[in-house]
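The block underneath contains the structure these notes are about, expressed in structure tokens.
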Amino acid sequence: TATQYLADWRPYPFEIAETRLTFHLAPRATRVLSQIDFRRTGAGDLVLDGVGLKTISVSIGGQPVVPQYLGDTLVIPDLPDAFTFQAEVEIDPEANTALEGLYLSGGMFCTQCEAQGFRHITWYPDRPDVMAPFRVTIHSDQPVLLSNGNPVSEGAGTAVWHDPWKKPAYLFALVAGDLRAVSDRFTTMSGQDVALNVWVRPGDEGRAGYAMESLIRSMRWDEQAYGREYDLSVFNIVAVDDFNMGAMENKGLNIFNSKLVLATAETATDGDYERIEGVIGHEYFHNWTGNRITCRDWFQLCLKEGLTVFRDQQFTSDMRSAAVKRIHDVQTLRARQFREDAGPLAHPPRPDHYQEINNFYTATVYEKGAEVIGMLKRLVGDDGYRTALDLYFDRHDGQACTIEDWIKVFEDATGRDLTQFKRWYTDAGTPRLSLSESWADGTLVLDFAQDIAPTPGQTDKPARVIPIAIGLIGPNGHEVLPTTVLEMTESRQSFRFDGLGARPVVSLLRGFSAPVTVTREITADEQALLLAHDTDPYARWQAGHDLALDALIARATGGEGGAEFNRALAGVLTDAKADPAFAALCLALPGEEEIATTIAARGGVPDPDAIHAARRALMAEIAASHEAALAALYDTMQTPNYQPDAEGSGRRSLRLACLAYLSQLDGGARADALFAAAGNMTERQGALEQLISAGRDADALAAFEAEFRDNRLVMDKWFMVQPLRAAPRQAVARARELAARPDFEWKNPNRFRALIAGLTSNHAGFHAADGSGYDFLAEWLMKLDAVNPQTTARMCSAFETLGRYDAGRRAKGRAALQRIAEMPGLSRNTSEMVTRILA
Ligand code: B3K
Ligand code: ZN
């Protein structure tokens, strides 16, 4: 398979004045007519992309031509400076199980074109730097017919849509189905009236209200925070059941996985609500960062994704709790991106080669891409950031841009040289920052060192600019130095602080000011002091988290620990009522995956069973020490009037954190009662998870199934929590039983992911020493690959941590991967992933 290289990018030799498309929709044979007005801008042949198309006719200026076909491209040489290309093709949406291009979901036509789905619809320059206004005519007997832009005309069986904003083909969308709208209106800051619709299946109208509220909040926020206004007369969101990822920002017609639209208190958890708000925001914010300004080529993906994630993170912290949001984001980054950086799939936020671009919609491109922008903002300041963003929108509106353009905007707006900073985009790997301190005569010297382990294809890594935000906390708990950003630019660098009365404790990397790992010498007492007194909520949480992590690692590797953390929790529990969400975060022990990652990062070999046992034992000890306080909080943190907001979800998260401990003592009695009584899915699912862990789940699972049998999204939860919370030794068997059920509709990505990711997230269950977890995963990946390569390939990343385990597990895991690699007809998507992991 051919590798694509960033260095090979060349401008397309034509631009498009307008793209006109006419669809005659039919499940097995949809006809697509295209008329594309090209104008020459450089020398070369017309090269168009197309995959799996049945070509009926091709003509230039009305004259039929016989094109040359080269693989998945069509080539026409010797063309004039301006001409209209016309083609008619036939496609089969019903056969499209890959869910890329035009496909059917429960009888409804819908599309997914990013990154290269449009070439499955018709012949086109399917690259993001070729932008055009679109006029789309849809003929169909489906009642609702939607495409991008503004409606031009609607009649029985026909609709015409016009999108005046030029866009690349990946932002094209079409939907046709029996849909109902939940509608509202929005007046933009300059007084434009916009019709808003969230389209769902008949019967789901009562579940779309939160999505609509989230959309309105997003539109208002982008005006207030970034001065960005919406630019069409209508904004449509459609919920679709079969979807490969979360959602898609098609211009004026966002298409969403229904799990990110539909919610009621009884069917969705607080986490679901928060994600709905965040993803509705994310896709809406793409209207400026992604659509009005798009990417020149797919290597620049983080230009739109990193920035849009950064914007949706800001949005959520403004709508909810900034401290809690930051801690959640750090947890996600560590769990997904640090993990990626530490393994065979490591790549820079801007990769320079790929085989299948869909394999690069990763935590590194998204989450690290966002962290890099957070660092930029810290380095240039809030005002500098705002000036730079204004310049970015002003200078590049309507263009397809690169990371170089983005960096130049910051240089021009702030006068800063960002040459070294750019390494964050081009180099892979998580820097390791280490700190040693010396203290004498009122002077504290901080000696920092940074280094970055080699990653595939990149061995030698020069120093990065690292913004290190610190504060100093005196021994009495008072802050003696407020947050100060140290700019580290060398491999080793020292910073001095004079005139201090007593030796303070360093509150390091406040706000998680850079995506690095930290090594430092710090005593348990000093960590406890930070946990009690740090003014920075992230650093406070991190101090407690490190205390717990060190204890768990000691215990999982044959030592002892946990007494200090256990003692420190007394303070957390006393203060818990003041900030329940924060207390819940402090109470939650590091997960098994994080413990394993940290053991490996420190040069050890993690033992999944020992880690599992150590974590359970520490939980039981903590529960026994604080039973009364935990039980009191559990009772206090009830939320009789369910509201999916920061306050209510904070109280429920604390309640469930207490329940997890108390279940170690009461064998699941409270969980049983909560499962029966709870009026919201957050507590019901939380209770169910405890019942599964405690092994008393049969009645609850049956009741849950009886109640929600007909609700696909809720049944996904049922499929997910069982392998996730099963005892490690039973997890694979449980997953196998579930997979054999007729309602394991594995071709639906949500259902597949629920069961499979439920298992792979059960650390000790998936990494069972006999390799049964690896075998089970490989079996299902091989089955799904023929149907849906994109989802299959993504899920291969469950194998990316294999290298850190013992020889027995490694051999079994590699054998499973080898079987996938050797499967005849393996997709390019999965083949690339497996090859990289095996390398
Ligand atoms: N841009 C889409 C992701 C498309 C993934 C294609 N495999 C959703 C988002 O990031 O907003
Ligand atoms: Zn995005």
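Read-outs: derived from the displayed coordinates by stated rules, not from any lab. Nothing here was measured: the structure is a model prediction, and the numbers come from that model. Positions of Cβ are generated from backbone atoms using ideal geometry, with glycine treated the same way; all protein chains shown enter the neighbour counts.
The peptide list 628-639, 72-83, 645-656, put in order of mean Cβ contacts within 10 Å with the highest first, becomes 645-656, 628-639, 72-83. Return the whole-Å distance between the Cα centroid of the range 797-830 and the Cα centroid of the range 691-730. First find each Cα centre; the distance between them is then 29 Å.
How about the range 34-140: which GluC sites (Glu not before Pro) there are in a DSSP loop, with at most 15 other Cβ atoms within 10 Å of their Cβ? Hits after loop and neighbour filter: nothing returned. FRET efficiency for the pair residue 395 and residue 520, taken as 1/(1 + (r/R0)^6) with r the Cβ-Cβ distance and R0 = 45 Å, rounds to 0.60. Using alpha carbon centroids, what distance separates the range 445-465 and the range 527-585, in Å? The distance from the Cα centre of the range 445-465 to that of the range 527-585 comes to 29 Å.
Against the chain, whose longest principal axis is taken from its Cα atoms, helix 524-533 shows a tilt of about 70°.
Per-residue Karplus couplings for the range 380-393, computed as 6.51 cos²θ - 1.76 cosθ + 1.60 with θ equal to phi - 60°, are listed in order as 9, x, 5, 5, x, 4, 5, 4, 5, 5, 4, 5, 4, 5 Hz, Gly and Pro entered as x. Residues 368, 812, 577 in ascending order of nearby Cβ atoms (within 10 Å, fewest first): 577, 812, 368. For residue 484 and residue 264, the difference between the fully extended length at 0.36 nm per residue and the C-alpha to C-alpha distance is 74.8 nm. The length gained on full extension between residue 741 and residue 63, counted as 0.36 nm times the residue separation minus their Cα-Cα distance, comes to 238.5 nm. Among residues other than residue 52 with Cβ under 12 Å from its Cβ, the summed charge is -3 (Lys and Arg +1, Asp and Glu -1). Annotation: amide H-H contacts under 5 Å for residue 469 (H modelled 1.01 Å from N, sequence separation of 5 or more, or interchain): 486, 509, 510, 513.
Computed 3J(HN,Hα) for the range 718-724, one whole-Hz value per residue from the Karplus formula 6.51 cos²θ - 1.76 cosθ + 1.60 where θ = phi - 60°, is 4, 5, 7, 5, 5, x, 5, glycine and proline marked x.
Averaging sequence separations of C-alpha pairs under 8 Å and six or more residues apart, then dividing by the length of the chain, give the relative contact order as a whole percent. Once divided by the residue count of the chain, the mean separation gives 8 percent. Centre-to-centre separation between the Cα atoms of the range 125-150 and those of the range 473-516: 54 Å. Ranking 654, 588, 694 by Cα position along the charge dipole of the chain, where only Lys, Arg, Asp and Glu carry charges on their C-beta atoms, puts 694 farthest toward the positive end. Taking the Cα centre of the chain as origin and assigning +1 to Lys and Arg Cβ atoms and -1 to Asp and Glu Cβ atoms, the resulting dipole is close to 860 debye. Taking packing as the residue-averaged number of other Cβ atoms within 10 angstrom, the listed peptides 5-11, 377-383, 674-680 run from highest to lowest as 674-680, 377-383, 5-11.
When +1 charges are put on Lys and Arg Cβ atoms and -1 charges on Asp and Glu Cβ atoms, the dipole computed for the range 303-445 relative to its Cα centre reaches about 380 debye.
In the chain, a dipole from Cβ-located charges (positive for Lys and Arg, negative for Asp and Glu) runs towards its positive end, and of 703, 227, 402 it is 703 whose Cα lies farthest in that direction. Once the C-beta distance of residue 192 and residue 453 is scaled by a Förster radius of 45 Å, the resulting FRET efficiency is 0.30 to the nearest 0.05.
Taking amide H positions as modeled 1.01 Å from N, with prolines and chain starts lacking one, the residues under 5 Å from residue 247 and 5 or more places away or on another chain are 257. Efficiency by 1/(1 + (r/R0)^6): what FRET value for residue 703 and residue 6, r their Cβ-Cβ distance, R0 = 56 Å, to the nearest 0.05? Working from the Cβ atoms, E equals 0.55.
Checked against a 27 Å cut-off, the cross-linked pairs 783/812; 368/812; 166/259; 166/747; 368/747 give Cα-Cα distances beyond that limit for 368/812; 166/259; 166/747; 368/747.
A crude spin-label estimate for the pair residue 806 and residue 94, with each label 7 Å from Cα along the Cβ direction, gives 5.4 nm. Normalised by residue count, the range 710-839 yields a Cα convex hull volume of 90 Å³ per residue. When the Cα positions of 821, 798, 764 are compared along the charge dipole of the range 710-839, 764 comes out farthest toward the positive end, with charges on each C-beta of Lys, Arg, Asp and Glu. A straight Cα-to-Cα reach below 14 Å connects residue 167 with the aspartates and glutamates 15, 18, 114, 126, 129, 231, 249, 297, 397, residues fewer than 8 places away in its own chain not being considered. In order along the range 316-331, the Karplus-derived 3J(HN,Hα) couplings, from 6.51 cos²θ - 1.76 cosθ + 1.60 at θ = phi - 60°, round to 5, 5, 6, 7, 10, 10, 4, 5, 5, 4, 4, 5, 4, 5, 5, 4 Hz, and Gly and Pro are given as x. Across the range 532-615, the mean sequence separation of Cα contacts (distance under 8 Å, 6 or more residues apart), normalised by length, yields a relative contact order of 33 percent. Among 557-567, 826-836, 45-55, the peptide with the highest mean count of other Cβ atoms within 10 Å heads the list, and the full ranking is 826-836, 45-55, 557-567. Compared with the alpha-carbon gap, the fully stretched path from residue 411 to residue 677 is longer by 90.0 nm at 0.36 nm per residue. Residues whose amide H comes within less than 5 Å of that of residue 174, counting only those at least five positions distant or on another chain, are 111 (H built at 1.01 Å from N in the peptide plane).
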